[in-house]
Amino acid sequence: QVQLVESGGGLVQPGGSLRLSCAASGSRFIIYNMGWYRQAPGRQREMVARVTSSDKPDYTDSVKGRFTISRNITKNTVYLQMNNLKPEDTAIYYCNALFGIEYWGQGTQVTVSS
């Protein structure tokens, strides 16, 4: 049973930065497909950034040039560096892993407000 634990959310002013971390435990194998999703109040959950076995990252258009996903593959850990944050980035951010089945973290709140 894979478990995902996120950390790094919080309150930041517009233009600020945050770094999210997600550590996957419970697997003896490398999890190649990991990523970040977010859900704002009243909106559907959307993909923010993800990496697969090709190691080529994929981003939703609204975060390109501002967010960077990276990982430590040997530790099954994925990170999301978020720069130049905007109020519209406010949401609960969820770590996601695809390893046979789909796994989700508990979510971490990111609030961008002055």
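Sequence-distant or interchain residues sharing an amide H contact under 5 Å with residue 90, placed H: which?
112
Round to the nearest 0.05 the FRET efficiency obtained for residue 46 and residue 1 when R0 = 30 Å and r is the Cβ-Cβ distance.
So, using R0 = 30 Å, E works out to roughly 0.70.
Quick one: pull the percent of accessible area on region 66-114 belonging to carbon and sulfur, 1.4 Å probe, ligands and nucleic acids left out.
Details: 1180 of 2320 Å².
The computed percentage sits at 51.
What are the ³J(HN,Hα) couplings of region 16-33, residue after residue, when phi is run through the Karplus curve with 6.51, -1.76, 1.60 and θ = phi - 60°? Round to Hz, x for glycine and proline.
Each residue of region 16-33 in turn: x, 10, 9, 10, 9, 10, 9, 10, 9, 10, x, 10, 7, 10, 6, 9, 7, 9 Hz.
Give me the 1.4 Å probe accessible area per residue for the chain, excluding ligands and nucleic acids, in Å². Write down the numbers at each step before the final one.
Numbers: 6300 Å² over 114 residues.
With all protein chains present, the chain gives 55 Å² per residue.
Pick out, from 112, 37, 82, the residue whose Cα sits farthest towards the positive end of the charge dipole of the chain, with +1 on the Cβ of Lys and Arg and -1 on the Cβ of Asp and Glu.
82
Based on the Cβ-Cβ distance from residue 84 to residue 39, what FRET efficiency comes out when R0 is 22 Å, to the nearest 0.05? All intermediate terms of the calculation are to be shown ahead of the outcome.
Values: r = 21 Å, r/R0 = 0.96.
Efficiency computed from Cβ-Cβ geometry: 0.55.
For the chain, what proportion of DSSP beta bridges, expressed in % and rounded to the nearest 5, is antiparallel? It would help to have the intermediate numbers written out before the result.
Values: 38 of 41 bridges.
Just about 95 percent of them are antiparallel.
How big is the shadow of the Cα convex hull of region 69-114, averaged over all directions, in nm²? Intermediate results must be reported in sequence, preceding the final value.
Working: hull surface 16.1 nm².
Hull-based average projected area comes out at 4.0 nm².
Cα centroid distance between region 1-19 and region 78-98, in Å?
Cα centroid of region 1-19 versus Cα centroid of region 78-98: 7 Å apart.
May I ask you to derive the FRET efficiency for residue 111 and residue 29 from their Cβ-Cβ distance with R0 = 25 Å, giving the value to the nearest 0.05? Please report the intermediate quantities before stating the final value.
Numbers: r = 35 Å, r/R0 = 1.41.
Efficiency, rounded to the nearest 0.05: 0.10.
The values are calculated or read from the model by the stated rules, or taken from the named source; none is laboratory data. Since the model is a prediction, treat every value here as computed from it, not as a measurement. Glycine also receives a Cβ, built like all others from the backbone with ideal geometry; neighbour counts cover every protein chain displayed. Surface areas here come from the heavy atoms of the whole protein model, side chains and all, with no ligands, DNA or RNA. Shrake-Rupley method; radii C 1.70, N 1.55, O 1.52, S 1.80 Å.
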